[in-house]
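A.B. asks: Got a structure here, written out as structure tokens. Questions coming.
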Protein chains: 4
Amino acid sequence: MCRWVAYAGEALHPSTLILDTPHSLVAQSLNSPLGKETVNGDGFGIGWYPAGDVPGKAPALFRSVEPAWFDENLSEIARAIETPLFFAHVRAASGPPIQRTNCHPFRHENWLFMHNGALHGFTRMRRELLLLIDPALFPEVRGTTDSEVLFHLALTHGLREDPLAAMSRTLREVERIGDQLGIPHPVQGTFAVTDGTTIWAFRYSSIHDSRTLFYSEDLGTLQQTYPDLDRLRVFTKGARVVVSEPLSDLPGAFIEVPESTVVVVDRTGCRLEPFLR
Amino acid sequence: MCRWVAYAGEALHPSTLILDTPHSLVAQSLNSPLGKETVNGDGFGIGWYPAGDVPGKAPALFRSVEPAWFDENLSEIARAIETPLFFAHVRAASGPPIQRTNCHPFRHENWLFMHNGALHGFTRMRRELLLLIDPALFPEVRGTTDSEVLFHLALTHGLREDPLAAMSRTLREVERIGDQLGIPHPVQGTFAVTDGTTIWAFRYSSIHDSRTLFYSEDLGTLQQTYPDLDRLRVFTKGARVVVSEPLSDLPGAFIEVPESTVVVVDRTGCRLEPFLR
Amino acid sequence: MCRWVAYAGEALHPSTLILDTPHSLVAQSLNSPLGKETVNGDGFGIGWYPAGDVPGKAPALFRSVEPAWFDENLSEIARAIETPLFFAHVRAASGPPIQRTNCHPFRHENWLFMHNGALHGFTRMRRELLLLIDPALFPEVRGTTDSEVLFHLALTHGLREDPLAAMSRTLREVERIGDQLGIPHPVQGTFAVTDGTTIWAFRYSSIHDSRTLFYSEDLGTLQQTYPDLDRLRVFTKGARVVVSEPLSDLPGAFIEVPESTVVVVDRTGCRLEPFLR
Amino acid sequence: MCRWVAYAGEALHPSTLILDTPHSLVAQSLNSPLGKETVNGDGFGIGWYPAGDVPGKAPALFRSVEPAWFDENLSEIARAIETPLFFAHVRAASGPPIQRTNCHPFRHENWLFMHNGALHGFTRMRRELLLLIDPALFPEVRGTTDSEVLFHLALTHGLREDPLAAMSRTLREVERIGDQLGIPHPVQGTFAVTDGTTIWAFRYSSIHDSRTLFYSEDLGTLQQTYPDLDRLRVFTKGARVVVSEPLSDLPGAFIEVPESTVVVVDRTGCRLEPFLR
């Protein structure tokens, strides 16, 4: 269910990653070899921090229910805007409703959230989980997805203060509710969160067999390995990408994130930490 | 907010009432003289019991987010189908999201529900009201409207057993919650409910100044008054229409429903009863 | 590009063929094993002659740009209507624009037309072909597809008088224009045409290697072969289906139409004739 | 039919003019006091030259078929982007199809075009006019509007070399074709054209009774008149707006363009010239 890409680095046109690479996100919307579903045609979204905006400002969102592959507005916008940090997502729904409020990324103030995977037994858990959301945040839940509920649970659990702790508490809470309702191994997925400066990308599932997640090799290292490769030149040192599946088959370009791990990307680089092991 | 029409009688093409009368529902989507808003362009819906279906079978729904006025699918379907009982609705939202799950009518099993008006302070009441919905019905709430919540509250309160009592309890409960939260006069609207055989149409607001509601004069009486009027001939005796505002300016054709009243339409005719007076 | 199904027989709900068979048309929209593209997510359409309508009356059309697989309106309508003859189509576009005017089937008076395949070099031929359309029919061309142009060329060449001759002339004319412009083998596809009583389904390409086309075996024969198969019981004798690819893997149920052949289905049965050999 | 706004000046967020003024373009989509139709709910579009782009680069386009008034993507994008020159448009169609290819502005290379008004008798003239379009430009015509045809006729007549002369020739040619077909006074409207540096805005109709057109007063003059008005401070000297109807009722802020006149806006200021008088 779903494919996504998160980028941080010098400002660039998102089209570079979501349209103009061999296995771009938009190409994956029609055919994602590593996806649980190969077609991710149930809407898309992009959330971006416009180049030049002051830190802490809310990002912009463009989300729509059409398949991404022939969407002319997505193509126009991805080529027109410039951003040092963006999230983009193509959705494979498990069923209707296909509506904009179910498209990722989700936003709260200066935060973005997106998800690949699913909460098993979500229909049975949904009411319980909604009740656990801070009543002040509750009116912001406008769609029907598990992902939006997870985001608001994480906000409830302090995402803005301590993302790692909040995501831990959130996923453990879902597992606890699942346990109460007799739903084994309810959590499955990869999760990306950002405040506009740092990206946290989690790979976790209750059964410890999560959807794939990759991060890009250090650009300096890559450019040394491939000194003649033109398409690496659009990226500057420090640029990092975290993705559901590699955007190209260039050997060494994308490194798999281990199970139960979080990738943290910020101006100082990229590091991996155990998560819920 | 919104305009609607409910019909019961011999099977006819809904186009007769929603497209082919001078002040048809689709004409009202662009310009409704009696509406709080004159433009009802935020989606539409039609729910119908196909002619020939056995009683008790669920009706069909066609709902979409486009304005009704130039929607070619609505025009095609309204001319192609035949039905002895249908609800049709054009929506004027108070804001986004504009999505199919917010379009009326709403359906549960063989029941349909639609609404014109609003719950004041709904954003503040929504969580409390959702909690009052039977948990078994809760997963069916997929949109963000007050109307869908009202319908599921009414189902919780026994709509299928006693529609009048259930609607009374539901609206009184909303008023109670409003009172708790310091929201005066929260209920405003007209509400239509059907099981496929009988239509109940309510005009009620907490402040006793409700949106308009009309029902059509007895066809026999009308045909006696206007013996030469061709367009009355498409209707058979016993045909009844309940509407937010008259579909024509034919004197005597539409009679206003008094404040705090329910209109009950079934095979035996049409009667008015006091409601929450 | 595209998958389609044409049905003639006793009135049934189109859902029987487009939703409720193992390889239904809607299932094929997400995954069509025999298609040139496996995903047909660029809109869909259904054109039907409502049961009870007099012969010669125009059919109804419901067409939309969303993928068919999770479209709730399609599912509702396909289960609600009944029709003795319908065309349904899911589209795989070669590119934008994705718009309702590009969705099949196309309609003129009581005629429907749909197409799987493409005119190669269409962008270069389009202006020439448009000029060959009867000026009286020209205003009806509202989209950008080769298919809609072909239909109006066929109408220009007498489709309503002699469908076989008109389709021959049309495809030969396209080949002539292709020849003039240096486009080899411009025609590719399968084409379905109906007047509401008879279905003509053509398999033809200039290079004699056309997209697949199948018709269903005689129902009596099938029911003799599979006397215990419940799902055949919804069909009556005389029911026939013509499809881009089989709707089930029941051995013997679907028979491939040979290259350069037209299938003619009417009340008297189903016959094959050579076409442009 | 339709409302539009064209802006040139220092880079700003288009939201300043299309969302955040009392009679903003989006407000006019729901209610335009000076419009022939008061509702302009049949889609919208914005074409912009991103701040920082080199002159001569093609602008970006975001166009969609929903009403503008509650469109969250329009609101997001209009607040996120910055541009020194943009065109925005809300559409009131005369009928279906409502599709993205019929939304203004239209683009060719670095040029944009938009229109308010109509060619009378266009259905009868359309084929003749299409034939007059340069065959090399013909494939770019993808919708069904008179406006898109006018733009491509103007390109055919040298818009890129001499906009005034090309627009003259184009409208005269339409009048000539109208004359041939017995259509009196076929041209009606206001027309805006830009190459990304200069805006040409025409007010013209064959009957010399055109849709309204206004341009904004010199900012320096306005700021002297209203030294305390905060909302003028977002604009810098040299900023100019050309609009179908005033964006505010500030006396003196908007000046009506006379009949049969072109407004030319560029870095040197704003000047009026007679057009087709």
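The values are calculated or read from the model by the stated rules, or taken from the named source; none is laboratory data. These figures come from a predicted structure and were not determined experimentally. Virtual Cβ from ideal backbone geometry, glycine too; neighbours counted across all protein chains shown.
A.B. asks: Looking only at region D:77-94, count how many residues are among the hydrophobic types (A, V, I, L, M, F, W, C), more than 14 Å from D:LEU30 (Cα to Cα) and more than 9 Å from chain A (Cβ to nearest Cβ).
C.D. replies: Result for region D:77-94: 5.
A.B. asks: Hey, D:LEU17 hits all of (1) outside any strand (DSSP E or B); (2) within 13 Å of another protein chain (Cβ to nearest Cβ); (3) buried (at least 19 other Cβ atoms within 10 Å of the Cβ) but one; which does it fall short on?
C.D. replies: Here D:LEU17 meets the rest and fails (2).
A.B. asks: On to the next question. Strands (runs of 3 or more DSSP E) wholly in region D:204-277 with at least 2 residues that are not aromatic (Phe, Trp, Tyr) - which ones?
C.D. replies: D:240-243, D:254-256, D:261-266, D:269-274
A.B. asks: Report yes if B:ALA11 is more than 30 Å from B:THR156 (Cβ to Cβ) and assigned to a strand (DSSP E or B), otherwise no.
C.D. replies: So B:ALA11 passes the test.
A.B. asks: Please work out which residue is farthest from B:LEU30 (Cα to Cα), limiting yourself to region D:19-29 and to residues that are of a type in the set (A, V, I, L, M) and in contact with a strand residue (DSSP E or B) (Cβ under 9 Å, 6 or more places away or on another chain).
C.D. replies: Out of the qualifying residues, it is D:LEU25.
A.B. asks: Here's a follow-up. Has region D:27-49 got at least one residue that is on the phi > 0 side of the Ramachandran plot, touching a Lys or Arg at 6+ places or on another chain (Cβ under 9 Å), in contact (Cβ under 8 Å) with a residue 60 or more places away in the chain and crowded, with 19+ Cβ neighbours inside 10 Å?
C.D. replies: Within region D:27-49, one or more residues are on the phi > 0 side of the Ramachandran plot, touching a Lys or Arg at 6+ places or on another chain (Cβ under 9 Å), in contact (Cβ under 8 Å) with a residue 60 or more places away in the chain and crowded, with 19+ Cβ neighbours inside 10 Å.
A.B. asks: Among the residues of region C:167-194, write down those that are among the small types (Gly, Ala, Ser) and in contact with a Ser or Thr (Cβ under 8 Å, 6 or more places away or on another chain).
C.D. replies: C:GLY178, C:GLY189
Yes/no matrix, rows are residues, columns are (1) more than 8 Å from every other protein chain (Cβ to nearest Cβ); (2) within 22 Å of B:HIS108 (Cβ to Cβ); (3) not in a helix (DSSP H, G or I):
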position: B:PRO33; (1), (2), (3): yes, no, yes
position: B:THR38; (1), (2), (3): yes, no, yes
position: B:GLY47; (1), (2), (3): yes, yes, yes
position: B:VAL54; (1), (2), (3): yes, yes, yes
position: B:LYS57; (1), (2), (3): yes, yes, yes
position: B:SER75; (1), (2), (3): yes, no, no
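A.B. asks: Residue by residue through region B:164-184, note down the ones that are closer than 26 Å to B:ALA60 by Cβ and surrounded by fewer than 24 Cβ atoms within 10 Å (Cβ to Cβ).
C.D. replies: B:ALA166
A.B. asks: Could you list, in sequence order, all residues of region A:99-138 that are outside any loop (DSSP other than H, G, I, E, B), under 18 Å from A:GLY178 (Cα atoms), touching a residue at least 12 places away in the same chain (Cβ under 8 Å) and within 12 Å of another protein chain (Cβ to nearest Cβ)?
C.D. replies: Scanning region A:99-138 gives A:PHE122, A:ARG124, A:MET125, A:ARG126, A:GLU128, A:LEU129, A:LEU130.
A.B. asks: Give all pairs with beta carbons closer than 8 Å in which a residue from region C:144-158 that is outside any helix (DSSP H, G or I) meets a residue that is surrounded by fewer than 24 Cβ atoms within 10 Å (Cβ to Cβ) and among the acidic types (Asp, Glu); count only pairs at least 6 apart in sequence or on separate chains.
C.D. replies: Between residues of region C:144-158 that are outside any helix (DSSP H, G or I) and residues that are surrounded by fewer than 24 Cβ atoms within 10 Å (Cβ to Cβ) and among the acidic types (Asp, Glu), the close pairs are C:HIS157/C:GLU173.
A.B. asks: How about region C:247-265: which of its residues are modelled with pLDDT of 95 or more and under 21 Å from C:LEU12 (Cα atoms)?
C.D. replies: C:PHE254, C:VAL264, C:VAL265
A.B. asks: For C:ALA58, only one of the following conditions fails: (1) modelled with pLDDT under 95; (2) farther than 24 Å from A:VAL65 by Cβ; (3) hydrophobic (A, V, I, L, M, F, W, C). What is its number?
C.D. replies: Tallying (1) modelled with pLDDT under 95; (2) farther than 24 Å from A:VAL65 by Cβ; (3) hydrophobic (A, V, I, L, M, F, W, C), C:ALA58 fails exactly one: (1).
A.B. asks: While we're on this one: Please specify each residue of region A:188-203 satisfying the condition of being of a type in the set (S, T, N, Q) and not in a strand (DSSP E or B).
C.D. replies: Those that are of a type in the set (S, T, N, Q) and not in a strand (DSSP E or B): A:THR197, A:THR198.
A.B. asks: Still on this structure, I have one more. How many residues does region D:59-70 contain that are surrounded by 21 or more Cβ atoms within 10 Å (Cβ to Cβ) and either at positive phi or part of a loop (DSSP other than H, G, I, E, B) (or both)?
C.D. replies: 6
A.B. asks: Of the residues A:SER75, A:SER94, which single one is surrounded by fewer than 24 Cβ atoms within 10 Å (Cβ to Cβ) and closer than 20 Å to A:TYR7 by Cβ?
C.D. replies: Just one listed residue meets the conditions, A:SER75.
A.B. asks: Can I ask one more? Going through D:VAL193, D:VAL187, D:VAL141 one at a time, which residue ends up being surrounded by 14 or more Cβ atoms within 10 Å (Cβ to Cβ) and either within 14 Å of chain C (Cβ to nearest Cβ) or free of Cβ contacts under 8 Å to residues at least 24 places away in the same chain (or both)?
C.D. replies: Among D:VAL193, D:VAL187, D:VAL141, only D:VAL141 is surrounded by 14 or more Cβ atoms within 10 Å (Cβ to Cβ) and either within 14 Å of chain C (Cβ to nearest Cβ) or free of Cβ contacts under 8 Å to residues at least 24 places away in the same chain (or both).
A.B. asks: Turning to a different aspect of this structure: Mind checking which residues of region A:14-57 are in contact with an Asp or Glu (Cβ under 6 Å, 6 or more places away or on another chain) and over 19 Å from A:MET114 (Cβ atoms)?
C.D. replies: Matches in region A:14-57: A:ALA51 only.
A.B. asks: Looking at C:VAL26, is it of a type in the set (Val, Ile, Thr) and outside any loop (DSSP other than H, G, I, E, B)?
C.D. replies: yes
A.B. asks: Please determine, by comparing only the residues of region C:209-261 that are over 21 Å from C:THR197 (Cα atoms) and of a type in the set (Phe, Trp, Tyr), which one is surrounded by the fewest Cβ atoms within 10 Å (Cβ to Cβ).
C.D. replies: Result: C:TYR226.
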